[in-house]
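Working notes for the structure below.
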């Protein structure tokens, strides 16, 4: 394969879905979501492969050895299978990443309280070491040359998307590419407010129990819409009352502050 291959390691909660749905399909290159499609003949055209599963998860059972381990395994496999690949990856400030990951965990049916999902003592579901993101960057730089890497942070992407995309297009060899479909972004995926987290956990537990016992969970079709625990707590309850108070993660932010500063410095050099 003489064409250039770009691999987007879509770490969870870093804007991956937006890129996959809005930006990547419109670029002037071959865009793949399924690794099996690499068997095709691309006529020397550049290929971009994007997959959220490559980076692992901080809570999914399939990543029982941790997200960092899964990340390193993904890099090792890429080096073996596609040695000429260039890597794209985004990192998110640990406390923000953790909050968003917990909301996603609840959306997917999780029942643990936040303190059982994560704590700095290391006695919860998420391993605190998996949020030391400077280790990920060190391993990236150890595995690939600087020219083969495009590393950025989620805050920069969120606050100045156009600037980051221009740099990304340049990395992809598409310097003249305009900012594509920026006004066609889908409506965001709102998180469940702190007040309704206990409600969602209870409903998730009941839903799981019913599925195991009778094979039918808390899922209803009303007026052409699906109503389930997630929709109820994510959309309906907040319409009645959406509290402003959210969980404080100051202690988590302080814990990872120096490492996040180190990461920001390392990706700017």
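Nothing in this text is a laboratory measurement; each read-out follows from the coordinates by a stated rule. Predicted model, so just to flag it, every value in this text is computed and none were measured. Glycine also receives a Cβ, built like all others from the backbone with ideal geometry; neighbour counts cover every protein chain displayed.
Worth pointing out:
- Bridges between two residues of the chain, per DSSP, are antiparallel at a rate of about 15%.
- Taking 227, 11 and counting other C-beta atoms within 10 Å, the order from fewest to most: 227, 11
- Förster-model FRET efficiency, 41 Å R0, residue 166 and residue 81, C-beta, rounded to 0.05: 0.85
- Distance from the alpha carbon centroid of region 216-266 to that of region 1-73 works out to 25 angstrom.
- To the nearest ten degrees, helix 161-171 and the longest principal axis of the Cα atoms of the chain are 40 degrees apart.
- Cα long-axis angle, helix 67-81 against the chain (0 to 90 degrees, to the nearest 10): 30 degrees
- With a Förster radius of 30 Å applied to the C-beta separation of residue 115 and residue 220, the computed FRET efficiency comes to 0.40.
- Ellipticity estimate at 222 nm from DSSP helix runs (n ≥ 4, -39,500 (n - 2.57)) divided over the chain, nearest 500: -11500 deg cm²/dmol
- Helix 250-268 and the long axis of the chain differ in direction by around 10°, with both axes built from C-alpha atoms.
- Computed over region 194-240, Kirkwood Rh from alpha-carbon pairs, angstrom: 11.2 Å
- Cβ crowding within 10 Å ranks 58, 126, 137 as 137, 126, 58, fewest other Cβ atoms first.
- Relative contact order for region 83-213, counting Cα pairs under 8 Å that sit 6 or more residues apart, in percent: 37 percent
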